[in-house]
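Take a look at the structure set out below.
Just so it is clear, none of the values below were taken in a lab; they were calculated from the coordinates. All values derive from a computational prediction rather than experimental measurement. Glycine gets a Cβ as well: all are built from the backbone with ideal geometry, and neighbour counts include every protein chain shown.
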Amino acid sequence: MKKKHVRLIVWSSVFIAVVLVTNLTIIGYFLKRHYTYSNYNGTFRFDEMRLKGISYHTRNEAYHNFLKRNPDIKDKQLYRTFTLDPWRFWEWHEWYYHFDRFTLPYLSEKELQQN
């Protein structure tokens, strides 16, 4: 019984250490995916590319400028075109710091092409 508890504590500690290292160091920066966004019909597309300086904050500004240039768009909602993958523990801090990114409605590429 004690051996099981020790093994559980060791593996839990290793998992917590890996999560912390990948979320709090530069290692996790290179593991992250590019987040993609679109409006309902694909006339606005945006990809976050951290290594190129195109970030979360740039997305809001770009979409705001798009809406200014196209005031006749009927659906002004911005959609995320990436799926939620909570198993990607190296991105968990993104859920904490930029939670509204993940609360946007989801629109698949298939649905986007149909619009």
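Below is a table of values for the structure above.
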{"read-out": "Potential lengthening between residue 83 and residue 97 on full extension [0.36 nm per residue; Cα-Cα distance subtracted]", "value": "3.3 nm"}
{"read-out": "Sparsely packed chymotrypsin sites (Phe, Trp or Tyr not before Pro) within segment 1-103, loop by DSSP, other Cβ within 10 Å at most 15", "value": "87"}
{"read-out": "For segment 32-114: relative contact order, % (alpha-carbon pairs under 8 angstrom, 6 or more apart)", "value": "34 percent"}
{"read-out": "FRET E, pair residue 115, residue 55, Förster distance 25 Å, beta-carbon r, rounded to 0.05", "value": "0.40"}
{"read-out": "Share of Cα-Cα pairs in the chain lying beyond 21 Å, as whole percent", "value": "50 percent"}
{"read-out": "On Cα atoms only, tilt of 2-24 relative to the major axis of the chain in degrees", "value": "30 degrees"}
{"read-out": "When each of 32/110; 2/32; 68/110 is checked by Cα-Cα distance, pairs over 29 Å", "value": "2/32"}
{"read-out": "Selection from 97, 22, 65 lying farthest towards where the dipole of the chain points positive, charges on Cβ", "value": "22"}
{"read-out": "Nearest-0.05 FRET efficiency for residue 62 and residue 106, computed from C-beta distance (R0 25 Å)", "value": "0.80"}
{"read-out": "0 to 90° range, to nearest 10: angle between helix 56-69 axis and the chain longest Cα axis", "value": "10 degrees"}
{"read-out": "Only Lys, Arg (+1) and Asp, Glu (-1) charged, at Cβ; the chain dipole about Cα centre in debye", "value": "520 debye"}
{"read-out": "Qualifying trypsin sites (Lys or Arg not before Pro) for segment 34-115 [loop in DSSP, other Cβ within 10 Å: at most 11]", "value": "74"}
